[in-house]
């Protein structure tokens, strides 16, 4: 169930935390009734977040985790508000893939590490982070995030602890989500705004699904970057680009393989991908967008173009839509 942690250049790497990083948002869930677990998991997955941190604040937590993991084995389900070894055992027995605690209890952290269970303990100070480093951890929860100084404090603490990454929880919502995720030392954000307790208790699964989908779209921020038009040759490309430039007051800019009219229209000097051309879509986080579209929507991608740091620059979908190839690009 668990992927053992391994040291790489002095930093612990963990497959579960890497999965959480690709998802970007961890719904923090309080479940009062076990029977709510299955429809809640369905709503989260349908909304685009196959992930949940089920808090051990109620007696239904372990049962809810068991139901979620048995019915959605690919869902990344963990246990939150874990305070001791007994709760760790109960969570793991139920199928939890990771443990989250509100603070850094050395006994609980050591217990998890000894058992090979990924744990993200709560921190809010440099002293907490140094304890986490002593245990060999490279990801900590920052809690309660907004009340403890928010993004400004995370940035300040990240400066001396260059290998430490954070998962802020507490006060994170749709309005400040991307400001947190834009900071590269933050792997994901935990939050409950898409799974409020009143909607769970009401059984308002359609509303939770809608809030979840809205959270994903807010995070990814898809928008049209430009439209590419396939021309037969350079002469035709120049005519098309100049016409767009004339009609809409756009500057024409000649490149190696294409001519741009402003930033909205790219005319290829020779036919490129797509029957008619291509459409470029910008996103806030291209790797998270690829993860969402592939794992949730079932989209297949070609090999990505990467920069010298190994980060995605652009990636094409394998399919055409309406005669156009489509590629994602990082904002």
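The values are calculated or read from the model by the stated rules, or taken from the named source; none is laboratory data. Computed from a predicted structure; not experimentally measured. Methodologically, a virtual Cβ is constructed for each residue, glycine included, from the backbone with ideal geometry; neighbour enumeration extends over all protein chains shown.
In the set (1) touching a strand residue (DSSP E or B) at 6+ places or on another chain (Cβ under 6 Å); (2) part of a helix (DSSP H, G or I), the condition left unmet by residue 190 is number (2).
Are any of the residues in the range 165-177 more than 29 Å from residue 107 (Cα to Cα), part of a loop (DSSP other than H, G, I, E, B), touching a residue at least 60 places away in the same chain (Cβ under 8 Å) and assigned by TED's automatic domain parsing to the domain that holds residue 36? No. Considering (1) more than 19 Å from the chain's Cα centre (by Cα); (2) not in a loop (DSSP other than H, G, I, E, B), the lone condition that residue 290 does not fulfil carries the number (1).
Within the range 295-327, being in contact with a helix residue (DSSP H, G or I) (Cβ under 9 Å, 6 or more places away or on another chain) and either outside any strand (DSSP E or B) or within 16 Å of residue 272 (Cα to Cα) (or both) holds for 295, 296, 299, 300, 304, 311, 314, 315, 317.
For the range 25-49, which positions are part of a loop (DSSP other than H, G, I, E, B) and either surrounded by fewer than 20 Cβ atoms within 10 Å (Cβ to Cβ) or without any contact (Cβ under 8 Å) to a residue 12 or more places away in the chain (or both)? Talk me through it step by step, then tell me what you get.
Here is the first cut: in the range 25-49, the ones part of a loop (DSSP other than H, G, I, E, B) are 30-33, 48-49.
32, 33 - these are the residues of the range 25-49 that are part of a loop (DSSP other than H, G, I, E, B) and either surrounded by fewer than 20 Cβ atoms within 10 Å (Cβ to Cβ) or without any contact (Cβ under 8 Å) to a residue 12 or more places away in the chain (or both).
Scanning the range 144-159 for any residue that is assigned by TED's automatic domain parsing to the domain that holds residue 37, touching a strand residue (DSSP E or B) at 6+ places or on another chain (Cβ under 6 Å), modelled with pLDDT of 95 or more and outside any helix (DSSP H, G or I) turns up at least one such residue.
For the range 68-91, a residue qualifies if it is crowded, with 22+ Cβ neighbours inside 10 Å, more than 21 Å from the chain's Cα centre (by Cα) and part of a helix (DSSP H, G or I), and the qualifying residues are 88, 91.
The residue list 211, 247 contains one member that is in contact with a helix residue (DSSP H, G or I) (Cβ under 8 Å, 6 or more places away or on another chain) and either crowded, with 16+ Cβ neighbours inside 10 Å or over 27 Å from residue 304 (Cα atoms) (or both), which is 211. Can you pull out every residue in the range 52-61 that is touching a helix residue (DSSP H, G or I) at 6+ places or on another chain (Cβ under 8 Å) and surrounded by 22 or more Cβ atoms within 10 Å (Cβ to Cβ)? Residues satisfying the conditions are 52, 54, 56, 61.
Of all residues in the range 92-109, one or more are touching a helix residue (DSSP H, G or I) at 6+ places or on another chain (Cβ under 6 Å), assigned to a helix (DSSP H, G or I), over 20 Å from residue 141 (Cβ atoms) and assigned by TED's automatic domain parsing to the domain that holds residue 214. Taking the numbered list (1) out of contact with any helix residue (DSSP H, G or I) (no Cβ under 9 Å at 6 or more places or on another chain); (2) in the same structural domain as residue 78 (by TED's automatic domain parsing); (3) free of Cβ contacts under 8 Å to residues at least 40 places away in the same chain in turn, residue 185 passes all entries but (1).
Does residue 22 fit the bill of being under 22 Å from the mean Cα position of the chain (by Cα), at negative phi and surrounded by fewer than 22 Cβ atoms within 10 Å (Cβ to Cβ)? So residue 22 fits the description; yes. Every condition in (1) farther than 16 Å from residue 103 by Cα; (2) buried (at least 18 other Cβ atoms within 10 Å of the Cβ) is met by residue 163 except one, and the failing one is (2). Being modelled with pLDDT of 95 or more, in the same structural domain as residue 323 (by TED's automatic domain parsing) and part of a helix (DSSP H, G or I) holds for only one residue in 207, 239, and it is 239.
Checking each residue of the range 302-315 against the condition of being at positive phi and over 21 Å from the mean Cα position of the chain (by Cα) gives no match.
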